[in-house]
């Protein structure tokens, strides 16, 4: 009987360890951009998306521009007439960050998403890294998509 309890205690300890320390690291919550950015410009028309951050000399650290396309497709960005370095995250319909790229000012090179998706977020270069936001994280889209 004593051996049975020792076996049970060991199994209980292993399960407790699993639930307390291993599983939580794989559980991700949605990131609310409003907690990180005080202003999020929305670019949801053709002209707004085409202009993007062009001709701006800088952007405050706590600002960003969120791009919304009408339907998922492979999206591409460039830095024509954009004078400061930015980072762009391509985001799928569920809010998952699929790609993050650092962009070079004034470059005409297109930087495209790795798969079709409907959203992108542009922020100052390094913002994602500084805020520990990574590929695979999920953005809470509810507050952004409400007009």
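Things to note:
- Unique match (being part of a strand (DSSP E or B), surrounded by 13 or more Cβ atoms within 10 Å (Cβ to Cβ), at pLDDT 95 or above and in contact with a helix residue (DSSP H, G or I) (Cβ under 7 Å, 6 or more places away or on another chain)) among 100, 68: 100
- Evaluation of residue 76 against (1) surrounded by fewer than 11 Cβ atoms within 10 Å (Cβ to Cβ); (2) touching a strand residue (DSSP E or B) at 6+ places or on another chain (Cβ under 9 Å) (one fails), failing number: (1)
- Every condition in (1) under 17 Å from residue 51 (Cβ atoms); (2) in a loop (DSSP other than H, G, I, E, B); (3) touching a strand residue (DSSP E or B) at 6+ places or on another chain (Cβ under 8 Å) holds for residue 134 except the one numbered (1).
- Selection status of residue 25, under 25 Å from residue 127 (Cβ atoms), out of contact with any strand residue (DSSP E or B) (no Cβ under 8 Å at 6 or more places or on another chain) and modelled with pLDDT under 90: yes
The values are calculated or read from the model by the stated rules, or taken from the named source; none is laboratory data. None of these values were measured; they are calculated from a predicted model. Ideal geometry is used to build each Cβ from the backbone, glycine not excepted, and the neighbour counts take in all protein chains shown.
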